Amino acid sequence: MNTIYTQTKQKAVVREQLPIYLILAGIAASIAAAGDLLLGRNLGEETTFIWTGLAVLGSGLVLDLTVGERSTIGWLKEASAARQDLGKFLLVSIQLGLLTYVIYEYHIGNQAFYEGIAVVTFLGFLVHNFLPLAFRLPFFSYSHCWESKWSLVGRLRRG
């Protein structure tokens, strides 16, 4: 049944979810930038990329709070209600953080892995835990696309 009503409803669903995808893309770009800052990389020309990612994040938040489903408010409520699991999350986060530090400090793997992928994986894990189940896969995809871009640009610049 391909009626005008179903087509209009599908467009409304896409319009309501657009802010969520903008937020996820902005968070992923912010994580990629935070990973480079933690590693002490020079972010000279990539500052426009960082500001673009933050602008995407901000526009997604504004759209969600004004015309969207206001999912960010629901996320904050769920995160505050899940304090019981906070101890387990902190324990696993500390373990993964120490593992990431060991990988970075002892240069385990190739340079793209210990300088980029391991750090972004750790930062992505921290955000991924608080996302609703439906948005975890898109966030994972966005964050790894951003990291692939940053790793490729860094590798091309190093020669």
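The values are calculated or read from the model by the stated rules, or taken from the named source; none is laboratory data. Every value quoted in this text rests on a predicted model; they were computed, and no experiment measured them. Note: ideal-geometry Cβ built from the backbone for every residue, glycine included; neighbour counts use all protein chains shown.
Just one of the listed residues (ASN42, ASN110) is surrounded by fewer than 12 Cβ atoms within 10 Å (Cβ to Cβ) and at pLDDT below 70, and it is ASN42.
What do you reckon, is ALA12 closer than 20 Å to PHE125 by Cβ and modelled with pLDDT under 80?
It is false that ALA12 is closer than 20 Å to PHE125 by Cβ and modelled with pLDDT under 80.
For LEU156, indicate whether it is surrounded by fewer than 12 Cβ atoms within 10 Å (Cβ to Cβ), under 24 Å from LEU38 (Cβ atoms) and modelled with pLDDT under 75. For LEU156, the condition - surrounded by fewer than 12 Cβ atoms within 10 Å (Cβ to Cβ), under 24 Å from LEU38 (Cβ atoms) and modelled with pLDDT under 75 - is met. Restricting attention to segment 83-133, the residues being assigned to a loop (DSSP other than H, G, I, E, B) and touching a residue at least 12 places away in the same chain (Cβ under 8 Å) number 4.
Would you confirm whether any residue within segment 70-92 is over 19 Å from PHE130 (Cα atoms) and modelled with pLDDT under 80? No, segment 70-92 contains no residue that is over 19 Å from PHE130 (Cα atoms) and modelled with pLDDT under 80. Taken together, GLU105, GLU115 contain a single residue that is within 24 Å of SER148 (Cα to Cα), acidic (Asp, Glu) and surrounded by 14 or more Cβ atoms within 10 Å (Cβ to Cβ), which is GLU115.
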